[in-house]
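So the structure is just underneath, and the comments pick up after that.
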Amino acid sequence: MTARYAVVGNPVGHSLSPRIHAAFAAAEGQDMRYDKLEPSVAGFEDAVAAFFSAGGSGLNVTVPFKEDAWRWVDAHDAAAAAAGAVNTILVRGGRTRGCNTDGIGLVRDIKVNLGWTLAGARTAILGAGGATRGIVKALQQSGVADLTVANRTRSKAELLGGEFGVGALGLDEIGGGWDVVVNATSAGLNGVGPLVAPQAAAGARCYDLLYAVDGRTPFCRWAAECGAWSVSDGLGMLVEQAAAAFRLWRGVTPQTAPVLRALRETAR
Ligand code: ATR
């Protein structure tokens, strides 16, 4: 029987996940279908319960439901437990398990696809919201140095820094000398001005969790203008977190490079 999966979010219309998973399934010969679910913001639980009662095998979870998903599942993997957020749900022995593949997806994209060194890299994360919570642990485990969370509202950075044992600063305090700077704020989609002074990006490898198929997000363009060593948007992370979810569901590791290349080509 064809196994059923879906991404649940609101809005979810522009999600690339169905395309990514269809490509993985075709390449790996997996009998599965993958749809989009868009419940109302208050309707997450009902929609997800109905999906699994109808025999669904697994879900990806995106904005704004990752925390709802964390509360809803029966159990968590270590990454989801640390993040307080779930991006992948699977069913095992009749129980739902919430996992978080965002951090591992980011680290794989940085190390394997981009070839940036994380071990010993002085690393700053901009933002202290849900997106940051999803990646801090994986970055810590990758061996970065001086991991610091910088946020517009400094008190939120301090709370998160205390919880994870990392540094905390205001965005206006981060200075320069970073090897890696990760933008995990939700700013940047609507043409807001620079988040931090140019010296933060100069000479650094700058990664934006947001993506654009042509790679040119506002943060990436800004960082390049500031003299960043290298810049990347988060499309590779999107593909890598999907691959990690696919592996959890299907037990096979799909190749990501052809899928990432195909997505980029749609921007040409
Ligand atoms: P997400 O789940 O995407 O991380 P969130 O939890 O609402 O969303 O967090 C948004 C993050 O982006 C926060 O760190 C927020 O900073 P504040 O805590 O100071 O609000 C940051 N952010 C959003 N808009 C911003 C802007 N224009 N400038 C700087 N930081 C911004």
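When PHE52, PHE44 are compared by accessible area of protein heavy atoms, the largest-first order is PHE52, PHE44, using a 1.4 Å probe. Legend: residues THR253, THR62, sorted from most to least accessible area (1.4 Å probe; ligands, DNA and RNA excluded), read THR253, THR62. Rolling a 1.4 Å probe over the protein chains gives ARG221 an accessible area of about 100 Å². Note on ARG264 and MET1: the extension gain reaches 91.4 nm, defined as 0.36 nm multiplied by sequence separation minus the Cα-Cα distance. Taking 23 Å as the limit for the C-alpha separation, the pairs LYS36/LYS156; LYS66/LYS137; LYS36/LYS66 exceed it in the case of LYS36/LYS156. For the pair TRP229 and ARG95, label points projected 7 Å from Cα toward Cβ lie 4.4 nm apart. In whole angstrom, the chain maps to an equivalent ellipsoid with semi-axes of 31, 21, 16, each derived as √(5λ) from the alpha carbon gyration tensor and ordered largest first. Under 10 Å, Cα contacts only: if you run a Gaussian network model on the chain, which one of ALA145, ALA223, ALA83 comes out with the highest mean-square fluctuation? Maximum fluctuation in the GNM of the chain, among the listed residues, is at ALA145. Computed from the C-beta positions of ASP146 and VAL63 and an R0 of 22 Å, the FRET efficiency is 0.15 to the nearest 0.05.
Annotation: for a label point projected 7 angstrom from Cα along Cα→Cβ of VAL213, residues of the range 6-22 with backbone N closer than 17 Å are 12-22.
Helical content alone sets the calculated 222 nm signal of the chain at -10500 deg cm²/dmol, taking -39,500 (n - 2.57) per DSSP H segment of four or more residues and averaging over every residue. When Rg and the Kirkwood radius Rh are both evaluated on Cα atoms of the range 155-224, their ratio Rg/Rh stands at 0.97.
Residues of the range 106-139 with an amide N closer than 18 Å to a point placed 7 Å from the Cα of LEU159 along the Cα-to-Cβ direction: 126-137.
The values are calculated or read from the model by the stated rules, or taken from the named source; none is laboratory data. As the structure is a computational prediction, the values presented were derived from the model and not from experiment. Ideal geometry is used to build each Cβ from the backbone, glycine not excepted, and the neighbour counts take in all protein chains shown. For the accessible areas, the whole protein counts, side chains as well, though only heavy atoms, and no ligand, DNA or RNA atoms are used. Shrake-Rupley method; radii C 1.70, N 1.55, O 1.52, S 1.80 Å.
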